[in-house]
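Q: One structure, pasted below without further comment.
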Ligand code: NAP
């Protein structure tokens, strides 16, 4: 099969490196274009990441010799598109929010679709914020987004914050089975890789917990409502429920965000056994539409009293599954459980790749 040539913006960063590594031998996509800050621009990729490659996996030999472009130079990406080297880009840029917003729009306006990890466009009304297993139908706003803005080929689709991945799919599985979820009380224990590199100073995080991650509680409380919303006219209208209260903490774990969740149902309440069955049976895609990065079992239920744990569970099913455990009654709400997912794979690059696969099968890429 002829592979689709793709670009990675922010290819030298924490998430960008995950993209480069995960796309090595991807059956549909091949990295042919890499871009980062002016500090890295002009260097071969292998030189730009020398001494700061964070992963145990490597990258495809062809990527090391690609010359890093300046991500601010949209014309360079357009020229690469004309040469057949960049049909669309994954955006893993870390810059001021307004700068990312304008830059991603410039790529889309120039005819290059953007599948983004950045938060800049998560609240833009005509931009879908996708978890492929939960709200794939939101991708159908793309033609309206293009019409609104006069874009012919380009568009922007984003993924949500990495911390909500650990409980959104379990939550959605219960809702899809017919159970209303009224309120959630969530405490997250978030890995240091979530802050990029170098992230939190080692002296601030070793032997410590930092009970504050700027903006993260607001994102955890608001983003689920957009994902659970619906398309009306040319906007995505967020759902007005569930009510969510979140505490977000940075903990000395390298990869893997954990969430301790208390959940209140509406009038109809499933038993603990029913909940386990709903989670175990949940499948997002029909067999024939299986996407290469989709986990075979999107929600893995662990029965051991002390699981999930980041080191033991974050890599489950290509590091794309959510692992849940400690399901038990809650004294204040109805149930409580612990959810865990890999933040730089499922919560970032892997989630972005899965979204791109979804957009391809839907005919947008
Ligand atoms: P990072 O490690 O700091 O990497 C940032 C990337 O952006 C690098 O490639 C950097 O290039 C490039 N960059 C920085 N300033 C730039 C500029 N002025 N112009 C062009 N490029 C510039 O950050 P990260 O953790 O990978 O995060 C990337 C994005 O993903 C962020 O928007 C973040 O919020 C989001 N995200 C991260 C996670 C996670 O778990 N880490 C999860 C979900 C979403 P140089 O190397 O040349 O400086």
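The values are calculated or read from the model by the stated rules, or taken from the named source; none is laboratory data. A quick note: this is a predicted structure, and the numbers were derived from the prediction, not measured. Here the Cβ is made from the backbone with ideal geometry for all residues, glycine too, and neighbour counts use every protein chain on show.
Q: Taking residue 198 as meeting all but one of (1) more than 10 Å from the ligand (Cβ to nearest atom); (2) in a loop (DSSP other than H, G, I, E, B), write down the number of the exception.
A: The one condition residue 198 does not meet is (1).
Q: Go through the residues of segment 291-311 one by one and say whether even a single one is within 16 Å of the chain's Cα centre (by Cα), within 16 Å of the ligand (Cβ to nearest atom), crowded, with 19+ Cβ neighbours inside 10 Å and farther than 21 Å from residue 135 by Cβ.
A: No, that holds for no residue.
Q: What residue, of 252, 270, is within 16 Å of the ligand (Cβ to nearest atom) and either surrounded by 17 or more Cβ atoms within 10 Å (Cβ to Cβ) or in a loop (DSSP other than H, G, I, E, B) (or both)?
A: Checking each option against the conditions leaves just 252.
Q: A further question on this structure: Kindly check whether there is at least one residue in segment 17-39 that is modelled with pLDDT of 95 or more, in contact with a strand residue (DSSP E or B) (Cβ under 6 Å, 6 or more places away or on another chain) and more than 21 Å from residue 113 (Cα to Cα).
A: yes
Q: Could I ask something else about it? Please indicate, with yes or no, whether at least one residue in segment 164-184 is within 18 Å of the chain's Cα centre (by Cα), assigned to a loop (DSSP other than H, G, I, E, B) and closer than 23 Å to residue 325 by Cα.
A: No, because not a single residue in segment 164-184 is within 18 Å of the chain's Cα centre (by Cα), assigned to a loop (DSSP other than H, G, I, E, B) and closer than 23 Å to residue 325 by Cα.
Q: A follow-up question, please. Got at least one residue in segment 130-142 being touching a residue at least 40 places away in the same chain (Cβ under 8 Å), under 14 Å from residue 229 (Cβ atoms) and surrounded by 24 or more Cβ atoms within 10 Å (Cβ to Cβ)?
A: yes
Q: Can you tell me which residue is nearest to the ligand (Cβ to nearest atom) among those in segment 312-336 that are within 24 Å of residue 159 (Cα to Cα) and outside any loop (DSSP other than H, G, I, E, B)?
A: The selected residue is 319.
Q: Out of everything in segment 1-16 that is within 19 Å of residue 359 (Cα to Cα) and within 9 Å of the ligand (Cβ to nearest atom), what residue ends up being surrounded by the most Cβ atoms within 10 Å (Cβ to Cβ)?
A: Among those that are within 19 Å of residue 359 (Cα to Cα) and within 9 Å of the ligand (Cβ to nearest atom), it is 8.
Q: Another question, if that's okay. Mind checking which residues of segment 77-94 are assigned to a loop (DSSP other than H, G, I, E, B) and free of Cβ contacts under 8 Å to residues at least 12 places away in the same chain?
A: 83
Q: What number goes with the only condition from (1) within 9 Å of the ligand (Cβ to nearest atom); (2) in contact with a helix residue (DSSP H, G or I) (Cβ under 9 Å, 6 or more places away or on another chain); (3) within 21 Å of residue 199 (Cα to Cα) that residue 38 does not pass?
A: Unmet for residue 38, out of (1) within 9 Å of the ligand (Cβ to nearest atom); (2) in contact with a helix residue (DSSP H, G or I) (Cβ under 9 Å, 6 or more places away or on another chain); (3) within 21 Å of residue 199 (Cα to Cα): (2).
Q: I would also like to ask the following. How many residues does segment 201-214 contain that are within 15 Å of the ligand (Cβ to nearest atom) and touching a residue at least 24 places away in the same chain (Cβ under 8 Å)?
A: Result for segment 201-214: 2.
This table checks each residue for (1) under 16 Å from residue 356 (Cβ atoms); (2) more than 12 Å from the ligand (Cβ to nearest atom); (3) crowded, with 24+ Cβ neighbours inside 10 Å.
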residue: 75; (1), (2), (3): no, yes, no
residue: 80; (1), (2), (3): no, yes, no
residue: 83; (1), (2), (3): no, yes, no
residue: 92; (1), (2), (3): yes, no, yes
residue: 97; (1), (2), (3): no, no, no
residue: 101; (1), (2), (3): no, no, no
residue: 106; (1), (2), (3): no, yes, no
residue: 109; (1), (2), (3): no, yes, no
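Q: Being within 13 Å of the ligand (Cβ to nearest atom) and without any contact (Cβ under 8 Å) to a residue 24 or more places away in the chain is the filter; apply it to segment 41-65 and report the residue that is surrounded by the most Cβ atoms within 10 Å (Cβ to Cβ).
A: Of everything passing the filter in segment 41-65, 47 is surrounded by the most Cβ atoms within 10 Å (Cβ to Cβ).
Q: Then there is this: Checking residue 87 against (1) within 10 Å of the ligand (Cβ to nearest atom); (2) modelled with pLDDT of 95 or more, only one condition comes out false. Which one?
A: (1)
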